[in-house]
Structures are given as C-alpha cells and as structure tokens.
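Each remark here refers to the structure printed beneath this line.
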Number of protein chains: 2
Amino acid sequence: MSRLSYGHRVELHSNSAAKALLSLMERKKTNLCVSVDVTSKASFLTIIDAVGPDVCLVKTHIDIIEDFDQDLITKLQELSAKHDFLIFEDRKFADIGNTVALQYSQGVHKIASWAHITNAHPVPGPGIIAGLGSVGHPLGRGLLLLSEMSTKGNLATGLYTESAVEMARQNRDFVIGFIAMSRDSLHQKEKDDSEDFLILTPGVGLDTYGDTMGQQYKTPYEVVFNRGCDVIIVGRGIYGDGKNIDISSVQTQAKRFRQEGWNAYLKRIDG
Amino acid sequence: MSRLSYGHRVELHSNSAAKALLSLMERKKTNLCVSVDVTSKASFLTIIDAVGPDVCLVKTHIDIIEDFDQDLITKLQELSAKHDFLIFEDRKFADIGNTVALQYSQGVHKIASWAHITNAHPVPGPGIIAGLGSVGHPLGRGLLLLSEMSTKGNLATGLYTESAVEMARQNRDFVIGFIAMSRDSLHQKEKDDSEDFLILTPGVGLDTYGDTMGQQYKTPYEVVFNRGCDVIIVGRGIYGDGKNIDISSVQTQAKRFRQEGWNAYLKRIDG
C-alpha cells in the first residue's frame, strides 16, 4: 500500500473525508499536518493563515482556546476554503458510546459540525465507534483510531494495537485510518487484500528530541520513508511555544517540513 | 483495605481531595456518585439540586452542555456548598502531558478551577500524570486513573490494568484512586503495606442491563460488597434519558441507590 500514490488510493476508500484528504494531498503535493496548540483565537487564526498554503490538514485542540466563539469556527472554515485544507479535531475521544456521541455533537464546541476528521482511543471497545459513527457517519466525517502513541511508557502496544486494527477493520466505512508510529501493524493484511488505511503520525521534528513530559520526536524521512506513514503531524517544531509568533519563521519552518515530508513520500512511491 | 471504614482511611491519604471525599462519605453516609449526563444548563442544575442531599460526588461531562457559561460554574459551586458534595469532571484526559495540562487549565471550561477530582486514561504513559499534576496538584486536586472500563470489548485489561496501577503507585500524592470494576488488581499489594486507593465504579444499575452501545450494568451490592469498590456511579438509572425530568422520581431513585450502596458498604466493613 505504501508504494501507491495518494491519488491512486482515493478509489480504495468509500468514506468522503478519506477521499477528500487523499485527493487534496495529491493535488496540493503536501502530506504535512500542522498541530495548532495555542490558547488564543488570534494566535490560532494567525498560525493557520500562515501555514495554510503548505498543509493538507490543520489539527486543532479546540478545548484549549480561551476565547473560543462561533466566529472562530466561521473564520477557520473560511481559511479551510481559502487555502484548501481539511480540519482534524484531535479530541482523542475515550468514553462509552452514549457519552462520546454527546461530546462529538453537542456542548459549546459542536465538533462534528466543523471537523472533517476526529480521533478516538480504542480502549472503551467497539461501542466508541458506534457512538461516534451515529453522529459522524451521516455527515461524511472520518474517524482515526489511536493504535499507537509517541510518548514514553505508553500502553498502546502489542495486543492493544492489534485490537485497535481489528476494530477498524470491522468499521471501514467510518474508520479511515490510525494515529500510529508506523504501518507495520497493518502490513501482512494489506498484502493479502486491497484494504487501505491512512496512517497519521505525531511526534515529528527536525531539531528537537523531546520535551519534559514524555514526548519523543522522529524525523519526516524516518516516519514517511522508513515507516510507511502517510501524514506527518508537526506542532511546536513549526511555531515554537506559540508566544510572540514570528510569521515568516513559521512559514519557513512549515515549508521545510512540507518539503522533507513530500520528498520522503516521492522516494517511497518511486522505490 | 476494604474492611476499613471510610473515616479510618482519611489518614492514609495525603491528597486533599481524597481526604475531603472520604471524610464527606463518612459524615454524610453515602457512597453514591450521580453522573449528570444532560445537555442543558437548566436540566443539569435541576438534577443536581434534586440528588444533592444523597450524593458524595457529582460527576459531570461539562463539554456536552449546550448553554455552558461561567454562571453555571458559580451555581454548581453553590450547590456543592449547599448539599455538601464534591465535583468530579469525568473528562477522561488521554493526550500527551503538554496537551492535557492545557486542556485541564485553559479553554472555555477551565476544569482545574472547579473540579475537585478528574480522571485520565493511562494509555499515554506517565507523562499524562506529570502534565495534569503540574496544574492540579498545587490546587489540591485529585486524579483517578481508568484502570478498567465497564464496556463490552474494552481493552483495559491484564497488563494494561497492571501498568495503570503501577503508574498510580509512582504518583500517590496526586493519583488518589481508580475508575475500575473491582479492587482485585490492588489486592496483594494492599495486604503488604498500608497503601490506600479509592475505587469508583461506573455502570451501576438496578433495573437496566445494558444499552445499545456496549454499556453493561452491575448492582450496588455486587460492586461494593463482592468487588470491594468504594463509590458507585449511577447515571441513567436515576434520571432516565434526561428529558421531561420528574424531580420526585429522580429523588426516589437517588435515595434507593444511596441506600443500596450504603447497606452494601456497612455489610462489608462489618463482615
């Protein structure tokens, strides 16, 4: 699967969000997702407008924004149209089906109404997919399962990862892929038939090698070429700590990651 | 540990939230936590005022409330003082340390400023405790780890559960206990020394036996007497689907669960 181009993989998906993302990546020639982890509406929109031309996906944590309001969502959607990217709310849903359905659709943030893609931990079992799917599938949304994590001492390994993959296989119309550190957990099965899942990988950096709270970084080449992942997720490597944002520096870093990620992809499909 | 009274266990904890909860349970003679999973501020406050006299803890999903505002928090805190209960935001944090610190302290909901207790999944590894602790520990807050879940096909079993318990043991000043289905995973160690953890158990019902999204129910007697858990968490068993709330019926059900839970506890410590 990892030797096929993004464009060729569009037809292997039935889910609209997966199709839209793969088409966009092929058209725009980028596999970069920027994670915008800042707490003010102004910084949030400034960073997104700066990186917009270089990304396929903007990853949000909408629940950390102090001055969130409906206008923020309107402006985010305008930027999505202006720059041609999709929106991924990194909510990491992790509750029982009945609760996640409410968290996804309701409350102040109404995530399902604006996020093309969201994600969930598989730990509650298949009910979490049923709950989120009851809301998101009719809207054409896509779900990623966290089958692996990037942090030190994390428990998403072994049987846990295998179970996540199995849960995804049972729900291919809504589960479009994984947050994972490599394509390995899918490899054997992908050879057997034509199933396709997107692999999005966090913890990608060029100059930094960890923080004090267990995050560990890997390079775009390692992630895309060696490990067969599809989308690199970069946050602090592009905008630092989010204070005193220097737009031209943010743009420079985004272009640098975009180029590294795309070159690794071209080498992979050419390989 | 499960043979000791709640009052005797106060001195085994250093964390202020754990001490406050155990003292309150002893004083008020209730081990009932009501989970208030409704989406309007009015219903939310109505249910809490109705069940307040019978609970030790009110469990919230603040992110499902459509018309959330600061006044809701003020009124929730007034009810907490009026009826003598603590507040547990069932956020199920599940991200890397840097992100959960922001989610806990910032955004629209500012959970750390009002929730005495919150919870987290151990899946990201110990960094999630470091991140939440950097915010909550200075405020005297307490954290519960989800070491087991009540849903069908959940992955919080075996080594996963053991790792959660080990992570808690390394962070006893902030991690006050578990969301779990029994005390079994702690048993051997608790005999060896005087460690004490609170066990809070969801999925408790009297008349209902499951929903269509994987939730499975157990009785208060099973949970408190047979399984040695400390707090029973009841939601839909008390207020139904949250529509057309009948206050007297809600109060009747709350008193019924309170009595069942307390009787099972008395039998346990007398046993």
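Per residue, the convex hull around the alpha carbon atoms of the stretch A:109-265 comes to 141 Å³.
Please tell me the relative contact order of chain B in percent, rounded to the nearest whole number, where contacts are Cα pairs under 8 Å and at least six residues apart.
Result for chain B is 21 percent.
Could you tell me the center-to-center distance, by alpha carbons, between the stretch A:201-271 and the stretch A:152-179 in angstrom? Centre-to-centre distance over Cα atoms comes out at 23 Å. Divided by 2.2 N^0.38 Å, where N counts the residues, the Cα radius of gyration of the stretch B:69-111 comes to 1.37. Averaged over the residues of A:59-68, the number of partner chain Cβ atoms lying within 10 Å of the residue Cβ comes to 4. Put simply, the C-alpha atoms of the stretch B:222-271 give a gyration tensor, and the ellipsoid matching it has half-axes of 26, 11, 5 Å, longest first. A Gaussian network model of chain B, with springs between Cα atoms under 10 Å, assigns the largest mean-square fluctuation among B:35, B:147, B:185 to B:185. Considered as an equivalent ellipsoid built on the Cα gyration tensor, the stretch A:87-149 has semi-axes of 16, 13, 10 Å, the largest given first.
In chain B, helices alone account for a calculated mean residue ellipticity at 222 nm of -11500 deg cm²/dmol, with every DSSP H run of four or more residues adding -39,500 (n - 2.57). Its Cα centre serving as origin, the protein assembly as shown has a Cβ charge dipole (Lys and Arg +1, Asp and Glu -1) of approximately 260 debye.
Hydrodynamic radius of the protein assembly as shown by the Kirkwood approach over all distinct alpha-carbon pairs: 23.8 Å. Placing a label point 7 Å from the Cα of residue A:139 along the Cα-to-Cβ direction, the residues of the stretch B:5-39 whose backbone N falls under 18 Å from that point are B:39. Considering only Cα atoms, the convex hull volume of chain A works out to 118 Å³ per residue. In a Gaussian network model over chain B where Cα atoms closer than 10 Å are linked, find which of B:84, B:230, B:63 has the largest mean-square fluctuation. Maximum fluctuation in the GNM of chain B, among the listed residues, is at B:63. Only Cα pairs under 8 Å and 6+ residues apart enter the sum, and on that basis the relative contact order of the stretch B:1-156 stands at 19 percent. Mean-square fluctuations from a GNM of chain B, with a 10 angstrom spring cutoff on Cα atoms, peak among B:25, B:181, B:213 at B:213. Ratio of Rg to Rh for the stretch B:1-151: 0.96 [Cα atoms; Kirkwood radius as inverse mean 1/r over pairs].
In the stretch A:73-200, inverting the average of 1/r over every pair of distinct C-alpha atoms gives 15.1 Å as the Kirkwood radius. Residue-wise HN-Hα couplings along the stretch B:131-148, as the Karplus relation 6.51 cos²θ - 1.76 cosθ + 1.60 with θ = phi - 60° gives them from phi, are x, 5, x, 4, 9, x, 5, x, 8, x, 7, x, 10, 10, 9, 7, 8, 8 Hz; Gly and Pro carry x. Taking other C-beta atoms within 10 Å as the exposure proxy, A:137, A:13 rank A:137, A:13 from fewest upward. Estimated from the Cβ-Cβ distance and a Förster radius of 35 angstrom, the FRET efficiency linking residue B:255 and residue B:195 is about 0.55. Our summary of shape: the Cα atoms of the stretch B:18-75 have principal axis extents of 35, 20, 16 Å, ordered from largest down, in whole angstrom. Among the listed pairs A:110/B:255; A:59/B:59; A:28/A:92; B:19/B:110; A:28/B:110, a Cα-Cα separation exceeding 32 Å is found for A:110/B:255; A:28/B:110. Available extension along the chain between residue B:269 and residue B:172 is 32.5 nm, counting 0.36 nm per residue and deducting the alpha carbon span.
Every number here is computed from the coordinates shown, using simple stated rules; none is lab data. Because the structure is a prediction, the values reported are computed rather than measured. Glycine also receives a Cβ, built like all others from the backbone with ideal geometry; neighbour counts cover every protein chain displayed.
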